[in-house]
Amino acid sequence: MKKKISTMIVGLAAASLCNAAAAAEVSASANDSGDWVTMKYDATESERDAKSAFRADQPCPVQVASTVDARQNKETIGMSVGGALLAGDITPWMTEGLTHLKDFGYTVSPTSADAPSAASGVTIRTSVTRAYTWQVGLKLFSMVAVKAEFADRNGVLQQKYYRAHGDKTNMWGAKAEYVTTLNYGLNNLLPFIARDLQSLCKGEKVEVYTYAGPDGLKK
C-alpha cells in the first residue's frame with residue numbers, strides 16, 4: 001500500500017512539472033513584451049558535483065555544423081515575474097555548447113550548416129526543437145530538446161533525439177539565472193553525446209532517444 005501511494009505521489013509530481021513547463025512555454029509565446037536576456041554559453045555551469053568525468057577512449061575527429069533553430073517559439077525562453085524572457089536566435093549558444101565536446105577528448109572543428117560531411121570522423125548536424133525555462137516555487141527548471149544527425153564520409157549514420165533538463169535554486173531572482181539553468185541542461189546533455197560518439201566513430205548504431213538529467217552518465 002505504501003509503495004502504491006509513493007508511486008502515485010511521484011507520478012503526480014512529474015505531471016505537475018510537465019504541466020508547469022507547458023504553461024510557461026505557452027505563456028511566453030503569447031506575450032508580446034518582456035525583458036531581453038543574453039544567451040551566453042558557459043561550460044562551467046552545472047549542478048553541484050554533476051560535472052562528468054567521462055573521456056573518450058578512442059576519439060575520432062568531430063565536425064560540428066551550425067545549429068538550426070527549429071523551435072516553434074523562437075522569441076522567448078520562458079517567463080519571469082517581469083514578463084517574457086526574450087532571447088531571439090539561440091543558434092550561437094547551442095553551437096558553442098556543442099564545440100565543447102572537445103572537453104571529452106574529441107578534436108572538434110566548427111563548420112556551416114550546409115557544409116559536406118568531413119572526410120574523416122563524424123559530422124554532427126543539430127536542430128533545437130525546445131529550449132525553455134519555468135519556475136516552481138524557488139526552483140528554476142530548464143528543458144533542452146535536440147534532434148541530431150550524425151554522418152561520416154559515406155553518408156548519414158543515424159538520426160537521434162535528445163532531451164535534457166537542468167534545475168537550480170533561484171538565488172537572486174536575476175534574469176541571467178534562467179540562462180544559467182539552460183546551461184545546466186545543455187551541459188547535462190554533452191556527456192551523453194560524447195558517449196554516443198564513441199560508437200558512432202566506429203560506424204556503430206546507438207539508441208534512438210536519450211534523456212539527460214542532473215544525475216549524469218552512469219559510472
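Throughout, read-outs are computed from the coordinates displayed, never taken from laboratory work. Given the structure is predicted, the values throughout are model-derived calculations rather than measurements. So basically every Cβ, Gly included, is an ideal-geometry build from the backbone, and we count neighbours across all protein chains shown.
Protection proxy ranking, highest mean first, for peptides 89-102, 179-192: 179-192, 89-102, where packing is the per-residue count of other beta-carbon atoms within 10 Å, averaged. Computed from backbone phi, the HN-Hα couplings of region 87-99 come to 10, x, 5, 9, 4, x, 4, 5, 4, 4, x, 5, 5 Hz, rounded to whole numbers (Karplus: 6.51 cos²θ - 1.76 cosθ + 1.60, θ = phi - 60°; Gly and Pro given as x). Got a sec? Which residues in region 131-154 would a label at LYS205 touch, if it sits 7 Å along Cα→Cβ and we count backbone N under 20 Å? Backbone N within reach: 147-154. What the phi angles of region 73-86 give under the Karplus curve with 6.51, -1.76 and 1.60, with θ = phi - 60°, is a coupling list of 10, 9, 9, 10, 10, x, 10, 10, 4, x, x, 5, 9, 7 Hz, glycine and proline written as x. Between ASP69 and ARG48, the contour length at 0.36 nm per residue exceeds the alpha carbon distance by 4.6 nm. Annotation: amide H-H contacts under 5 Å for MET79 (H modelled 1.01 Å from N, sequence separation of 5 or more, or interchain): LEU85, THR133.
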